Amino acid sequence: MLHGSRDPPEPTTQLLIRNSARALILAEEIGEQVKDKTLSRAVSNFVADESDYVLAGYRNLVAEIALSCVPHRAERAEFLKSFGYDAPTPPALPLRPWLIVFALDFLLPLIPSALMFLVGQTPGLPIARLTAFAFVHAISQTVAITWALYPKIVSNFARPSLYSLPIASYVLCGLGSYLTGALILFVFRVYIPLPYPIILPTLLSSLSFLFMTVGMSVLIDLRLKSSSLDFEQGRVREGAVIALLMLASTLTFQAVMIYAGELQPTWISACFLVLSAGLGFVMGYYVPSAGAAYLQKARLHAPDRLQPGGVTDSLRRSHATWEHPSYAHPSLQA
(Lines give C-alpha, C1' and ligand atoms only; values in the text may rest on other atoms or scores of the structure.)
Protein backbone atom coordinates (compact mmCIF):
# COMPACT_ATOMS: atom_id res chain seq x y z
CA MET A 1 0.00 0.00 0.00
CA LEU A 2 1.31 3.47 -0.87
CA HIS A 3 2.34 5.79 1.91
CA GLY A 4 -0.43 8.27 2.66
CA SER A 5 -3.12 6.26 0.87
CA ARG A 6 -6.62 6.20 2.20
CA ASP A 7 -8.61 3.08 3.10
CA PRO A 8 -8.04 0.26 0.62
CA PRO A 9 -10.79 0.29 -2.05
CA GLU A 10 -11.17 -3.50 -2.10
CA PRO A 11 -13.08 -3.89 1.22
CA THR A 12 -15.23 -0.90 0.18
CA THR A 13 -15.97 -2.63 -3.11
CA GLN A 14 -17.00 -5.81 -1.30
CA LEU A 15 -19.25 -3.77 0.95
CA LEU A 16 -20.83 -2.14 -2.13
CA ILE A 17 -21.52 -5.54 -3.66
CA ARG A 18 -23.08 -6.86 -0.43
CA ASN A 19 -25.25 -3.76 0.03
CA SER A 20 -26.34 -3.87 -3.62
CA ALA A 21 -27.22 -7.54 -3.33
CA ARG A 22 -29.26 -6.90 -0.19
CA ALA A 23 -31.08 -4.06 -1.90
CA LEU A 24 -31.89 -6.26 -4.88
CA ILE A 25 -33.13 -9.08 -2.65
CA LEU A 26 -35.31 -6.63 -0.76
CA ALA A 27 -36.60 -5.27 -4.06
CA GLU A 28 -37.59 -8.77 -5.18
CA GLU A 29 -39.38 -9.46 -1.90
CA ILE A 30 -41.52 -6.33 -1.97
CA GLY A 31 -41.51 -5.77 -5.71
CA GLU A 32 -44.95 -7.31 -6.20
CA GLN A 33 -46.47 -4.79 -3.75
CA VAL A 34 -45.17 -1.77 -5.68
CA LYS A 35 -46.89 -1.12 -9.01
CA ASP A 36 -44.75 1.82 -10.31
CA LYS A 37 -40.98 2.23 -10.76
CA THR A 38 -40.35 4.03 -7.48
CA LEU A 39 -38.57 1.09 -5.89
CA SER A 40 -36.40 0.51 -8.95
CA ARG A 41 -35.33 4.16 -9.00
CA ALA A 42 -34.53 4.06 -5.28
CA VAL A 43 -32.32 0.98 -5.68
CA SER A 44 -30.64 2.50 -8.73
CA ASN A 45 -29.89 5.75 -6.91
CA PHE A 46 -28.56 3.83 -3.91
CA VAL A 47 -26.15 1.81 -6.07
CA ALA A 48 -25.05 4.93 -7.96
CA ASP A 49 -24.30 6.85 -4.76
CA GLU A 50 -22.34 3.96 -3.27
CA SER A 51 -20.45 3.47 -6.54
CA ASP A 52 -19.37 7.12 -6.61
CA TYR A 53 -17.56 6.68 -3.30
CA VAL A 54 -15.80 3.53 -4.51
CA LEU A 55 -14.91 5.15 -7.82
CA ALA A 56 -13.39 8.13 -6.00
CA GLY A 57 -11.21 5.75 -3.98
CA TYR A 58 -9.95 4.00 -7.09
CA ARG A 59 -9.25 7.33 -8.77
CA ASN A 60 -7.22 8.45 -5.76
CA LEU A 61 -5.27 5.22 -5.90
CA VAL A 62 -4.56 5.57 -9.63
CA ALA A 63 -3.47 9.18 -9.13
CA GLU A 64 -1.12 8.25 -6.26
CA ILE A 65 0.42 5.42 -8.29
CA ALA A 66 0.92 7.71 -11.28
CA LEU A 67 2.69 10.35 -9.19
CA SER A 68 4.71 7.93 -7.04
CA CYS A 69 5.81 5.28 -9.51
CA VAL A 70 5.87 6.99 -12.92
CA PRO A 71 8.36 9.88 -12.86
CA HIS A 72 8.21 11.21 -16.43
CA ARG A 73 5.32 13.09 -17.98
CA ALA A 74 5.10 11.02 -21.17
CA GLU A 75 5.20 7.71 -19.31
CA ARG A 76 2.64 9.00 -16.82
CA ALA A 77 0.31 9.90 -19.68
CA GLU A 78 0.67 6.41 -21.13
CA PHE A 79 0.04 4.86 -17.72
CA LEU A 80 -3.20 6.82 -17.24
CA LYS A 81 -4.21 6.06 -20.82
CA SER A 82 -3.93 2.35 -20.04
CA PHE A 83 -6.81 2.88 -17.57
CA GLY A 84 -8.82 4.73 -20.20
CA TYR A 85 -8.06 8.28 -19.03
CA ASP A 86 -6.80 11.22 -21.06
CA ALA A 87 -3.96 12.61 -18.96
CA PRO A 88 -3.83 16.42 -18.63
CA THR A 89 -0.61 17.67 -20.22
CA PRO A 90 0.66 21.19 -19.44
CA PRO A 91 1.42 23.23 -22.57
CA ALA A 92 5.01 23.35 -23.72
CA LEU A 93 6.85 26.64 -23.49
CA PRO A 94 6.91 28.12 -27.02
CA LEU A 95 10.31 28.92 -28.48
CA ARG A 96 8.97 31.14 -31.25
CA PRO A 97 9.18 34.44 -29.30
CA TRP A 98 12.86 33.85 -28.48
CA LEU A 99 13.73 32.72 -32.01
CA ILE A 100 12.00 35.70 -33.61
CA VAL A 101 13.70 38.21 -31.33
CA PHE A 102 17.12 36.60 -31.71
CA ALA A 103 16.93 36.38 -35.52
CA LEU A 104 15.65 39.92 -36.07
CA ASP A 105 18.02 41.55 -33.60
CA PHE A 106 20.92 39.61 -35.12
CA LEU A 107 20.07 41.02 -38.56
CA LEU A 108 19.70 44.62 -37.36
CA PRO A 109 23.41 45.60 -37.43
CA LEU A 110 24.24 43.35 -40.40
CA ILE A 111 21.77 44.75 -42.95
CA PRO A 112 23.32 48.26 -43.10
CA SER A 113 26.76 46.71 -43.62
CA ALA A 114 25.39 44.62 -46.48
CA LEU A 115 23.91 47.79 -48.01
CA MET A 116 27.28 49.50 -47.74
CA PHE A 117 28.88 46.66 -49.68
CA LEU A 118 26.23 47.03 -52.37
CA VAL A 119 26.97 50.74 -52.86
CA GLY A 120 30.71 50.18 -52.85
CA GLN A 121 31.50 51.47 -49.35
CA THR A 122 33.56 49.73 -46.69
CA PRO A 123 31.95 49.13 -43.27
CA GLY A 124 33.66 50.69 -40.30
CA LEU A 125 34.14 47.28 -38.63
CA PRO A 126 35.59 43.99 -39.89
CA ILE A 127 32.80 41.59 -40.79
CA ALA A 128 33.92 39.04 -38.17
CA ARG A 129 33.76 41.51 -35.30
CA LEU A 130 30.51 42.98 -36.57
CA THR A 131 28.95 39.51 -36.71
CA ALA A 132 30.21 38.76 -33.20
CA PHE A 133 28.69 42.01 -31.92
CA ALA A 134 25.39 41.24 -33.64
CA PHE A 135 25.37 37.77 -32.07
CA VAL A 136 26.05 39.07 -28.54
CA HIS A 137 23.49 41.86 -28.89
CA ALA A 138 20.89 39.33 -30.08
CA ILE A 139 21.62 37.17 -27.03
CA SER A 140 21.11 40.19 -24.77
CA GLN A 141 17.81 41.02 -26.49
CA THR A 142 16.70 37.40 -26.05
CA VAL A 143 17.51 37.69 -22.34
CA ALA A 144 15.32 40.81 -22.30
CA ILE A 145 12.40 38.75 -23.63
CA THR A 146 13.08 36.19 -20.91
CA TRP A 147 12.77 38.95 -18.31
CA ALA A 148 9.38 39.80 -19.82
CA LEU A 149 7.98 36.26 -19.95
CA TYR A 150 9.60 34.03 -17.35
CA PRO A 151 8.54 35.98 -14.21
CA LYS A 152 4.92 35.67 -15.36
CA ILE A 153 5.33 31.89 -15.69
CA VAL A 154 6.76 31.25 -12.23
CA SER A 155 5.09 33.94 -10.10
CA ASN A 156 1.83 35.84 -9.77
CA PHE A 157 3.87 38.91 -8.76
CA ALA A 158 4.47 39.69 -12.45
CA ARG A 159 0.90 38.96 -13.58
CA PRO A 160 -1.93 41.48 -13.75
CA SER A 161 -4.90 41.42 -11.41
CA LEU A 162 -8.47 42.10 -12.40
CA TYR A 163 -8.09 45.80 -11.61
CA SER A 164 -4.43 46.76 -12.05
CA LEU A 165 -1.17 46.06 -13.82
CA PRO A 166 1.93 44.83 -11.94
CA ILE A 167 3.80 48.14 -12.02
CA ALA A 168 6.41 46.98 -9.48
CA SER A 169 7.34 44.02 -11.70
CA TYR A 170 7.94 46.38 -14.62
CA VAL A 171 10.45 48.31 -12.53
CA LEU A 172 12.27 45.23 -11.23
CA CYS A 173 12.25 43.24 -14.46
CA GLY A 174 13.15 46.27 -16.55
CA LEU A 175 16.07 47.08 -14.28
CA GLY A 176 17.18 43.44 -14.30
CA SER A 177 17.00 43.36 -18.09
CA TYR A 178 19.01 46.57 -18.42
CA LEU A 179 21.75 45.44 -16.02
CA THR A 180 21.96 41.95 -17.54
CA GLY A 181 22.22 43.26 -21.09
CA ALA A 182 24.74 45.91 -20.10
CA LEU A 183 26.88 43.29 -18.35
CA ILE A 184 26.88 41.00 -21.40
CA LEU A 185 27.82 43.85 -23.74
CA PHE A 186 30.47 45.15 -21.34
CA VAL A 187 32.18 41.74 -21.13
CA PHE A 188 32.09 41.47 -24.91
CA ARG A 189 33.60 44.95 -25.36
CA VAL A 190 36.36 44.21 -22.87
CA TYR A 191 37.49 41.08 -24.70
CA ILE A 192 36.67 42.15 -28.29
CA PRO A 193 38.13 45.61 -28.98
CA LEU A 194 36.14 47.98 -31.20
CA PRO A 195 37.05 51.51 -32.34
CA TYR A 196 34.47 53.05 -29.99
CA PRO A 197 34.35 53.89 -26.28
CA ILE A 198 33.11 51.14 -23.99
CA ILE A 199 31.06 52.74 -21.23
CA LEU A 200 28.79 55.24 -23.00
CA PRO A 201 27.78 53.08 -26.00
CA THR A 202 27.17 50.11 -23.71
CA LEU A 203 24.92 52.09 -21.37
CA LEU A 204 23.00 53.62 -24.27
CA SER A 205 22.64 50.40 -26.25
CA SER A 206 21.26 48.62 -23.18
CA LEU A 207 18.26 50.94 -23.21
CA SER A 208 16.79 48.78 -25.97
CA PHE A 209 16.71 45.84 -23.54
CA LEU A 210 14.89 47.92 -20.95
CA PHE A 211 12.34 49.15 -23.49
CA MET A 212 11.86 45.66 -24.88
CA THR A 213 11.23 44.05 -21.49
CA VAL A 214 8.82 46.68 -20.22
CA GLY A 215 7.02 47.05 -23.55
CA MET A 216 6.52 43.30 -24.03
CA SER A 217 5.46 42.87 -20.40
CA VAL A 218 2.80 45.56 -20.64
CA LEU A 219 1.40 44.22 -23.92
CA ILE A 220 1.25 40.66 -22.60
CA ASP A 221 -0.42 41.82 -19.38
CA LEU A 222 -3.03 43.80 -21.29
CA ARG A 223 -3.92 40.65 -23.20
CA LEU A 224 -4.11 38.60 -19.99
CA LYS A 225 -6.19 41.28 -18.31
CA SER A 226 -8.70 41.28 -21.14
CA SER A 227 -9.13 37.45 -20.88
CA SER A 228 -9.66 37.38 -24.64
CA LEU A 229 -8.82 34.17 -26.47
CA ASP A 230 -8.60 35.89 -29.86
CA PHE A 231 -4.82 36.10 -30.16
CA GLU A 232 -4.96 37.47 -33.72
CA GLN A 233 -6.71 40.66 -32.68
CA GLY A 234 -4.56 43.68 -31.85
CA ARG A 235 -1.33 42.39 -33.37
CA VAL A 236 -0.84 45.44 -35.59
CA ARG A 237 -1.27 47.78 -32.62
CA GLU A 238 1.24 45.78 -30.59
CA GLY A 239 3.67 45.80 -33.49
CA ALA A 240 3.37 49.59 -33.73
CA VAL A 241 4.05 49.97 -29.99
CA ILE A 242 7.25 47.89 -30.08
CA ALA A 243 8.30 49.67 -33.28
CA LEU A 244 8.01 53.04 -31.53
CA LEU A 245 9.97 51.76 -28.53
CA MET A 246 12.77 50.38 -30.71
CA LEU A 247 12.83 53.62 -32.70
CA ALA A 248 13.01 55.66 -29.49
CA SER A 249 15.89 53.51 -28.23
CA THR A 250 17.88 53.83 -31.46
CA LEU A 251 17.15 57.56 -31.73
CA THR A 252 18.32 58.12 -28.13
CA PHE A 253 21.54 56.21 -28.82
CA GLN A 254 22.29 58.18 -31.97
CA ALA A 255 21.39 61.58 -30.49
CA VAL A 256 23.63 61.15 -27.44
CA MET A 257 26.50 59.71 -29.46
CA ILE A 258 26.29 62.57 -31.98
CA TYR A 259 26.16 65.11 -29.16
CA ALA A 260 29.23 63.50 -27.57
CA GLY A 261 31.08 63.65 -30.88
CA GLU A 262 31.43 59.87 -31.17
CA LEU A 263 29.11 59.48 -34.18
CA GLN A 264 28.51 61.41 -37.39
CA PRO A 265 25.01 61.47 -38.91
CA THR A 266 24.99 59.62 -42.24
CA TRP A 267 22.56 57.70 -44.36
CA ILE A 268 23.57 54.61 -42.38
CA SER A 269 22.20 56.27 -39.23
CA ALA A 270 18.89 56.85 -40.97
CA CYS A 271 18.94 53.24 -42.18
CA PHE A 272 19.36 52.03 -38.60
CA LEU A 273 16.32 54.08 -37.53
CA VAL A 274 14.14 52.62 -40.26
CA LEU A 275 15.34 49.07 -39.66
CA SER A 276 14.93 49.26 -35.88
CA ALA A 277 11.32 50.40 -36.30
CA GLY A 278 10.58 47.76 -38.94
CA LEU A 279 12.12 44.88 -37.03
CA GLY A 280 10.48 46.12 -33.84
CA PHE A 281 7.11 45.95 -35.58
CA VAL A 282 7.68 42.32 -36.54
CA MET A 283 8.69 41.47 -32.95
CA GLY A 284 5.64 43.19 -31.52
CA TYR A 285 3.37 41.52 -34.06
CA TYR A 286 4.30 37.99 -33.01
CA VAL A 287 5.80 37.90 -29.53
CA PRO A 288 3.11 39.35 -27.17
CA SER A 289 0.32 37.25 -28.67
CA ALA A 290 2.43 34.07 -28.52
CA GLY A 291 3.44 34.75 -24.93
CA ALA A 292 -0.12 35.54 -23.85
CA ALA A 293 -1.43 32.42 -25.58
CA TYR A 294 0.99 30.24 -23.62
CA LEU A 295 0.16 31.93 -20.29
CA GLN A 296 -3.57 31.56 -20.91
CA LYS A 297 -3.12 27.84 -21.60
CA ALA A 298 -0.86 27.41 -18.59
CA ARG A 299 -3.52 29.05 -16.42
CA LEU A 300 -5.71 25.96 -16.98
CA HIS A 301 -2.99 23.78 -15.47
CA ALA A 302 -2.58 25.07 -11.94
CA PRO A 303 0.40 23.95 -9.82
CA ASP A 304 -1.85 21.79 -7.64
CA ARG A 305 -2.28 19.46 -10.59
CA LEU A 306 1.03 18.01 -9.46
CA GLN A 307 -0.60 16.86 -6.22
CA PRO A 308 -2.71 13.69 -5.94
CA GLY A 309 -5.89 15.72 -5.46
CA GLY A 310 -5.26 17.69 -8.65
CA VAL A 311 -4.64 14.57 -10.71
CA THR A 312 -7.68 12.89 -9.19
CA ASP A 313 -9.80 15.90 -10.14
CA SER A 314 -8.51 15.63 -13.71
CA LEU A 315 -9.42 11.94 -13.80
CA ARG A 316 -12.86 12.73 -12.43
CA ARG A 317 -13.56 15.14 -15.27
CA SER A 318 -12.38 12.83 -18.04
CA HIS A 319 -14.36 10.00 -19.63
CA ALA A 320 -12.67 6.67 -19.06
CA THR A 321 -13.31 3.68 -21.29
CA TRP A 322 -11.83 1.25 -18.73
CA GLU A 323 -10.21 -1.07 -21.23
CA HIS A 324 -8.04 -3.80 -19.76
CA PRO A 325 -4.36 -2.99 -20.40
CA SER A 326 -2.57 -5.64 -22.40
CA TYR A 327 0.65 -5.24 -20.41
CA ALA A 328 1.80 -4.01 -17.05
CA HIS A 329 3.53 -0.67 -16.89
CA PRO A 330 7.32 -1.20 -16.72
CA SER A 331 7.74 0.99 -13.66
CA LEU A 332 5.12 -1.05 -11.74
CA GLN A 333 6.49 -4.49 -12.48
CA ALA A 334 7.88 -6.07 -9.34
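Within the range 212-241, the set of residues being of a type in the set (A, V, I, L, M) and modelled with pLDDT of 90 or more comprises 212, 214, 216, 218, 219, 220, 222, 236, 240, 241. Candidates 99, 118: the one that is modelled with pLDDT of 85 or more, out of contact with any strand residue (DSSP E or B) (no Cβ under 7 Å at 6 or more places or on another chain) and not basic (Lys, Arg) is 99. Scanning the range 79-96 for any residue that is among the hydrophobic types (A, V, I, L, M, F, W, C), surrounded by 12 or more Cβ atoms within 10 Å (Cβ to Cβ) and at pLDDT 75 or above turns up at least one such residue. If you go through the range 194-206 and keep only what is over 11 Å from residue 249 (Cα atoms) and not in a loop (DSSP other than H, G, I, E, B), you end up with 199, 200, 201, 202, 203. Right, residue 290: at pLDDT 85 or above, in contact with a Gly (Cβ under 9 Å, 6 or more places away or on another chain) and not β-branched (Val, Ile, Thr) or not? Here the answer is no, as residue 290 does not meet what is asked. Candidates 209, 188, 272: the one that is under 22 Å from residue 135 (Cβ atoms), touching a helix residue (DSSP H, G or I) at 6+ places or on another chain (Cβ under 7 Å), modelled with pLDDT under 90 and assigned to a helix (DSSP H, G or I) is 272. Filtered by the rule that a residue be more than 10 Å from residue 138 (Cα to Cα), part of a helix (DSSP H, G or I) and hydrophobic (A, V, I, L, M, F, W, C), the range 101-124 gives 110, 111, 114, 115, 116, 117, 118. Just so you know, in the range 234-269 the residues that are aliphatic (A, V, I, L, M) and touching a Phe, Trp or Tyr at 6+ places or on another chain (Cβ under 8 Å) include one that is farthest from residue 209 (Cα to Cα), and it is 236. Where the second residue is β-branched (Val, Ile, Thr) and the first is within 18 Å of residue 106 (Cα to Cα) and lies in the range 252-277, which pairs have Cβ atoms under 7 Å and are six or more apart or on separate chains? Close Cβ pairs satisfying both conditions: 272/250; 273/250; 275/111; 276/250.
The set of residues in the range 144-166 that are surrounded by 21 or more Cβ atoms within 10 Å (Cβ to Cβ) and part of a helix (DSSP H, G or I) comprises 144, 145, 147, 148, 149, 152, 158. Once the range 214-245 is narrowed to residues that are farther than 17 Å from residue 296 by Cα and not small (Gly, Ala, Ser), the residue that is surrounded by the fewest Cβ atoms within 10 Å (Cβ to Cβ) is 236.
Give the number of residues within the range 134-160 that are among the small types (Gly, Ala, Ser) and under 18 Å from the mean Cα position of the chain (by Cα).
To start, the set of residues in the range 134-160 that are among the small types (Gly, Ala, Ser) comprises 134, 138, 140, 144, 148, 155, 158.
Within this subset, residues satisfying the condition of being under 18 Å from the mean Cα position of the chain (by Cα) are 144, 148, 155, 158.
Residues that pass the stated criteria total 4.
Is it true that residue 157 is closer than 30 Å to residue 299 by Cβ and in contact with a Ser or Thr (Cβ under 7 Å, 6 or more places away or on another chain)? For residue 157, the condition - closer than 30 Å to residue 299 by Cβ and in contact with a Ser or Thr (Cβ under 7 Å, 6 or more places away or on another chain) - is met.
Filtered by the rule that a residue be surrounded by fewer than 16 Cβ atoms within 10 Å (Cβ to Cβ) and either free of Cβ contacts under 8 Å to residues at least 40 places away in the same chain or within 21 Å of residue 205 (Cα to Cα) (or both), the range 112-129 gives 114, 117, 118, 119, 120, 121, 122, 124, 126, 127, 128, 129.
The values are calculated or read from the model by the stated rules, or taken from the named source; none is laboratory data. Bear in mind that the values here come from a model prediction, so they are computed numbers and not experimental data. For neighbour counting, all protein chains shown are included, and Cβ atoms are generated from backbone atoms with ideal geometry for every residue, glycine included.
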